[in-house]
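First, the structure itself, so that you have it in front of you.
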């Protein structure tokens, strides 16, 4: 392939990888800090996408808001949902074994899918990007690149930077990092660990849902979108190292490139490649690329 | 009081702890097995009524198609006063979720548990293959109202298996002829990697290369993946004269939109099997304008038969009909034709099949007959998207018959 | 007074006897359904050896199941197949893949082990899903059902009893295994691997052996499944199925072989219950909801699985005696 096409494929890979990072970062936070394997994480992504679809007309008619207003409303609702779920359900999972967590969150996936089916139905839906982002930029003579995808990548990068700043520069970030290394010590120092966990969980849910909302115009909104993203997210988290945001970013980008170029260069093996990558990395570094933090 | 009771229990228990536990467990076991055993007894056919079992997708990507097929069938049934071939019809439904993995179980539910006389299904080719296999083994009459898997009227064909829709090969072949005639020399194909996609491209390739064209690249991605971006870049890099595609349902919506968003629509004309734009125009919007597709149905046929059908369908279901509704409607017509010939006695399989072999079905799509392999021999129309409709431009292929390769009937 | 192990034995015998007589009351559909459940029970037993017996949580068991099934279909010749050869080949194929996967993944542990086993299962899944080896998403067909000497597996009743016999054979095999030196070593590894190593056991070899045997047994279940339906497809290797079989043994109760039996039946029957239109009417199409809630409820309320229910009930109703029951033996690896 010539250089300009190569660059465009790199753009594609970057965009896919960054979106994966966004969803996976929530998973690695919850996994790393609370030690909970949450199979239902993909469902939060799905909930975000369906919120983008379902809320848009409501936001439009109540106060004439457009895409960004819907995003903000959806983000707020997702935080509330995350807070509620942690209080009502997930807080009981902390002491349980991994197996039980797997089972209960698997049951939760089924519940979320059916609730979605009951509330919205099973049709495939499209979500429109806001008008000023719907154009395409010309790259080369035949190919144009959708502006919205560039916007998505920019958004993901800003969020990644934001997360980094929160973790390294704020008190909250410091408490979170401390809590993941030594829970009891942090508690005995007077930090309300329950509240901390609730905040982290709500953040994880909100980020995943936000990713779903942002991706909705590009990926469309359909049943099972949660399951598809879930497994890849686990791969990202495991390759990157459980609890490591830096690792999740690197792993997500790695997977984005392997998947994109794999689809083009080795279409028959493209599905397998990501898992081969994971197996190889784990055999080289059994704990993933980075340690937690 | 509680203590006394407790003591009494305590004295009795030691000798019989184990036994009580075993009895409790055995009882639980027996109960559950009895329930399982009772379940077959729940569904028995009522006297005199013909039991028709629908195995269609009522949930998932193809739910709208499943509902349209059932609606079409019911429309014809109602037009005949609830009777087909003189016999009253009872309908049973199973949701196949478009999942080939559960297909055999679901068909067995209809055939072994509900004891249906006739099977109608389905949309997804993979599921239809499982249905065909079970129907072939059990001899139950099966009418396929959509799934185009070539094998159903190919190596899997049987005297009791019929199709009211098409074979994947047909619309592809018709489009191959069209694109060769239009003078496109180099074409790229893109589809999902499953039976429907592969067979559609194969049919297309056969006619197109016979007409002097060359397929320079065949792109595919796993079903039901809709991340087309990387492959769209590939298409742009290859710079073909045109692109032929097969996608259906949600994937078709996304592909058409992504194709336009990538700027390819202006420079590289997109053609497809009709499912690309059938039932999807509302969601695709302006991105679908001008697209050419081939299918055995269109929105503007304007024949008396089609107008009457469309009017009745719109009145009854408050929806516009599509090709899936027509196929469901014709499945009912086919069943009626066969049943009339055997005077309602579905067990007369040979006469049933013989009657359908010579039947002329008066369909909203135009009249069609069944080929030797029980697949419709029908006209394929070249359509273009104008406004929110698939308008007929011409007849792409008249009386196109699927070759039924591998069918030993 | 019946001691605990004998009570369990009696239960198992009663269970198999019920299955043996079931075809007399079950209709065509019932026989079909129970055959399927028994195959899943064999599948669940294979995983129980790993999870309950050795303490290895494998999230990729479906790969061995699917490979056994695909091997059956791919290796069956187009004429009357010698069933015996196919059965052995299916188990062999699954065991070989299990050996490879085990050799590589047993170097990791904990949650990473879970993920690596998942990765290897996904690899197998994508090989049959995307390459010409499998039939793609639509799967492939077994056109001729194998003949096992005088047993024609095309007959549902014959297949039912062959499956039942296989189930009993696997159960007895695993029961003996857990009582043997090998089984005790596995139990030791499950409880404290470091101590076992200090005692001189090469734990890696034991774990690998268990992993391979487990894979082979899953392959046997896959063979039976392919023969029953005459059809295989990639979903037989999907992580959903790996998850489902994990749920079956957790639901039944880990650490007990009969837990796998109970779990397989409970899970399958729960599914049938929620799918039943006779009970739920139009809501039956949302059966996943009921199933999901049941799974959550059962984990929350039945931490030791269904096997632990009688003990839990006892503890609730006759509080004092439960202490006696507990002291009589909370054996972990019982039948």
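Filter the stretch C:253-303 for residues that are in a helix (DSSP H, G or I), farther than 26 Å from residue B:59 by Cα and at the interface with another protein chain (Cβ under 8 Å from one of its Cβ atoms) and give the result.
Answer for the stretch C:253-303, where residues must be in a helix (DSSP H, G or I), farther than 26 Å from residue B:59 by Cα and at the interface with another protein chain (Cβ under 8 Å from one of its Cβ atoms): C:265, C:299, C:300.
Right, next: Kindly provide the set of residues from the stretch B:189-210 that are crowded, with 20+ Cβ neighbours inside 10 Å and closer than 17 Å to residue B:380 by Cβ, ordered by number.
B:196, B:199, B:200, B:201, B:203, B:204, B:205, B:207, B:208 - these are the residues of the stretch B:189-210 that are crowded, with 20+ Cβ neighbours inside 10 Å and closer than 17 Å to residue B:380 by Cβ.
I've got another one for you. Of everything in the stretch C:108-138, what is surrounded by fewer than 21 Cβ atoms within 10 Å (Cβ to Cβ), within 21 Å of residue A:239 (Cα to Cα) and free of Cβ contacts under 8 Å to residues at least 40 places away in the same chain? Give them in sequence order.
Of everything in the stretch C:108-138, those that are surrounded by fewer than 21 Cβ atoms within 10 Å (Cβ to Cβ), within 21 Å of residue A:239 (Cα to Cα) and free of Cβ contacts under 8 Å to residues at least 40 places away in the same chain turn out to be C:108, C:109, C:110, C:111, C:112.
So, one more: Can you report the number of residues in the stretch B:280-300 which are more than 22 Å from the chain's Cα centre (by Cα) and either more than 14 Å from every other protein chain (Cβ to nearest Cβ) or under 22 Å from residue B:181 (Cβ atoms) (or both)?
Of the residues in that region, 5 qualify.
So if I check each of B:53, B:85, B:81, which one is modelled with pLDDT of 60 or more, crowded, with 21+ Cβ neighbours inside 10 Å and more than 20 Å from the chain's Cα centre (by Cα)?
Numbers: B:53 fails: more than 20 Å from the chain's Cα centre (by Cα); B:81 fails: crowded, with 21+ Cβ neighbours inside 10 Å.
Unique residue meeting the criteria: B:85.
If a residue must be free of Cβ contacts under 8 Å to residues at least 60 places away in the same chain and part of a helix (DSSP H, G or I), how many such residues does the stretch A:29-68 contain? Walk me through how you get there before you give the answer.
Taking the stretch A:29-68 and keeping what is free of Cβ contacts under 8 Å to residues at least 60 places away in the same chain, we get A:35, A:55, A:57-65.
Adding the requirement that they be part of a helix (DSSP H, G or I) leaves A:55, A:57-63.
So the answer is 8.
Given A:64, A:135, which one is surrounded by fewer than 20 Cβ atoms within 10 Å (Cβ to Cβ), over 22 Å from the mean Cα position of the chain (by Cα), over 21 Å from residue A:225 (Cα atoms) and more than 14 Å from every other protein chain (Cβ to nearest Cβ)?
Only one candidate passes the filter, namely A:64.
From the list C:288, C:240, C:256, which one is within 22 Å of residue A:224 (Cβ to Cβ) and buried (at least 19 other Cβ atoms within 10 Å of the Cβ)?
On the way: C:240 fails: buried (at least 19 other Cβ atoms within 10 Å of the Cβ); C:256 fails: within 22 Å of residue A:224 (Cβ to Cβ).
Of the residues listed, the single one that is within 22 Å of residue A:224 (Cβ to Cβ) and buried (at least 19 other Cβ atoms within 10 Å of the Cβ) is C:288.
Any idea which of (1) more than 14 Å from chain C (Cβ to nearest Cβ); (2) in a loop (DSSP other than H, G, I, E, B); (3) under 12 Å from the mean Cα position of the chain (by Cα) is the one residue B:98 doesn't satisfy?
Among (1) more than 14 Å from chain C (Cβ to nearest Cβ); (2) in a loop (DSSP other than H, G, I, E, B); (3) under 12 Å from the mean Cα position of the chain (by Cα), the lone unmet condition for residue B:98 is (1).
Out of curiosity, is residue B:96 surrounded by fewer than 24 Cβ atoms within 10 Å (Cβ to Cβ) and either modelled with pLDDT of 90 or more or not assigned by TED's automatic domain parsing to the domain that holds residue B:192 (or both)? Before the answer, list the steps.
Values: surrounded by fewer than 24 Cβ atoms within 10 Å (Cβ to Cβ): no; either modelled with pLDDT of 90 or more or not assigned by TED's automatic domain parsing to the domain that holds residue B:192 (or both): yes.
Spelling it out, it is not the case that residue B:96 is surrounded by fewer than 24 Cβ atoms within 10 Å (Cβ to Cβ) and either modelled with pLDDT of 90 or more or not assigned by TED's automatic domain parsing to the domain that holds residue B:192 (or both).
Out of the stretch A:93-130, which residues are facing another protein chain (nearest Cβ under 7 Å) and assigned to a loop (DSSP other than H, G, I, E, B)?
A:122, A:123, A:124, A:126
Looking only at residues that are farther than 29 Å from residue B:402 by Cα, assigned to a helix (DSSP H, G or I) and in contact (Cβ under 8 Å) with a residue 12 or more places away in the chain in the stretch B:314-331, which one is nearest to the chain's Cα centre (by Cα)?
B:317
Let me ask you something else. Out of all the residues in the stretch B:338-353, is one or more closer than 30 Å to residue A:219 by Cα, assigned to a helix (DSSP H, G or I) and out of contact with any strand residue (DSSP E or B) (no Cβ under 7 Å at 6 or more places or on another chain)? Even if it seems obvious, please write down each step before you answer.
Just the residues of the stretch B:338-353 that are closer than 30 Å to residue A:219 by Cα, to begin with: none.
No, every residue in the stretch B:338-353 fails to be closer than 30 Å to residue A:219 by Cα, assigned to a helix (DSSP H, G or I) and out of contact with any strand residue (DSSP E or B) (no Cβ under 7 Å at 6 or more places or on another chain).
May I ask you to list the residues in the stretch A:246-293 that are surrounded by 20 or more Cβ atoms within 10 Å (Cβ to Cβ), at the interface with chain C (Cβ under 10 Å from one of its Cβ atoms) and not in a helix (DSSP H, G or I)?
A:288
Kindly check whether there is at least one residue in the stretch C:196-212 that is loosely packed, with under 14 Cβ neighbours inside 10 Å and under 25 Å from residue C:96 (Cβ atoms).
Yes - at least one qualifying residue is present in the stretch C:196-212.
Could you check how many residues of the stretch B:112-132 are within 11 Å of another protein chain (Cβ to nearest Cβ), surrounded by 24 or more Cβ atoms within 10 Å (Cβ to Cβ) and touching a strand residue (DSSP E or B) at 6+ places or on another chain (Cβ under 8 Å)?
Residues of the stretch B:112-132 within 11 Å of another protein chain (Cβ to nearest Cβ): B:112-115, B:124-132.
Those still in the list that are surrounded by 24 or more Cβ atoms within 10 Å (Cβ to Cβ) too: B:124-132.
Narrowing the set further to residues that are touching a strand residue (DSSP E or B) at 6+ places or on another chain (Cβ under 8 Å) leaves B:127-132.
Qualifying residue count for the region: 6.
Mind checking whether some residue in the stretch A:145-155 is surrounded by fewer than 18 Cβ atoms within 10 Å (Cβ to Cβ), within 21 Å of the chain's Cα centre (by Cα) and farther than 30 Å from residue A:4 by Cβ?
There is no residue in the stretch A:145-155 that is surrounded by fewer than 18 Cβ atoms within 10 Å (Cβ to Cβ), within 21 Å of the chain's Cα centre (by Cα) and farther than 30 Å from residue A:4 by Cβ.
Hey, another quick one. Could you check residue B:182 against (1) within 14 Å of another protein chain (Cβ to nearest Cβ); (2) more than 19 Å from the chain's Cα centre (by Cα); (3) surrounded by fewer than 24 Cβ atoms within 10 Å (Cβ to Cβ) and say which number it fails?
Of the numbered conditions (1) within 14 Å of another protein chain (Cβ to nearest Cβ); (2) more than 19 Å from the chain's Cα centre (by Cα); (3) surrounded by fewer than 24 Cβ atoms within 10 Å (Cβ to Cβ), the odd one out for residue B:182 is (1).
Now a separate question. Tell me, yes or no, whether the stretch C:223-230 has at least one residue that is in a helix (DSSP H, G or I), within 22 Å of residue C:62 (Cβ to Cβ), more than 16 Å from the chain's Cα centre (by Cα) and facing another protein chain (nearest Cβ under 9 Å).
So the first thing to find is which residues in the stretch C:223-230 are in a helix (DSSP H, G or I), and the list is C:223-229.
Going one step further and asking which of them are within 22 Å of residue C:62 (Cβ to Cβ), we end up with C:223-229.
Imposing the further condition that a residue be more than 16 Å from the chain's Cα centre (by Cα) reduces the set to C:227-229.
From what is left, the residues that are facing another protein chain (nearest Cβ under 9 Å) are C:228-229.
Yes, that holds for at least one residue.
Quick one: which residue in C:89, C:159 is within 14 Å of chain B (Cβ to nearest Cβ), over 17 Å from residue C:239 (Cα atoms) and within 23 Å of the chain's Cα centre (by Cα)?
Exactly one residue qualifies, and that residue is C:159.
So if I check each of B:324, B:297, B:329, which one is buried (at least 24 other Cβ atoms within 10 Å of the Cβ) and at pLDDT 95 or above? Write out each step before concluding.
Numbers: B:324 fails: at pLDDT 95 or above; B:297 fails: at pLDDT 95 or above.
Being buried (at least 24 other Cβ atoms within 10 Å of the Cβ) and at pLDDT 95 or above holds for just one of B:324, B:297, B:329, which is B:329.
Give the number of residues within the stretch C:23-44 that are in a helix (DSSP H, G or I), free of Cβ contacts under 8 Å to residues at least 24 places away in the same chain and either within 7 Å of chain B (Cβ to nearest Cβ) or farther than 13 Å from residue C:161 by Cβ (or both).
Within the stretch C:23-44, the first condition is being in a helix (DSSP H, G or I), and the residues that meet it are C:23-24, C:28-44.
Restricting the remaining residues to those that are free of Cβ contacts under 8 Å to residues at least 24 places away in the same chain gives C:24, C:29-30.
Imposing the further condition that a residue be either within 7 Å of chain B (Cβ to nearest Cβ) or farther than 13 Å from residue C:161 by Cβ (or both) reduces the set to C:29-30.
Count: 2.
The values are calculated or read from the model by the stated rules, or taken from the named source; none is laboratory data. Treat the numbers as computed from the prediction; the structure is a model and nothing was measured. Positions of Cβ are backbone-derived with ideal geometry, glycine not excepted, and every protein chain shown enters the neighbour counts.
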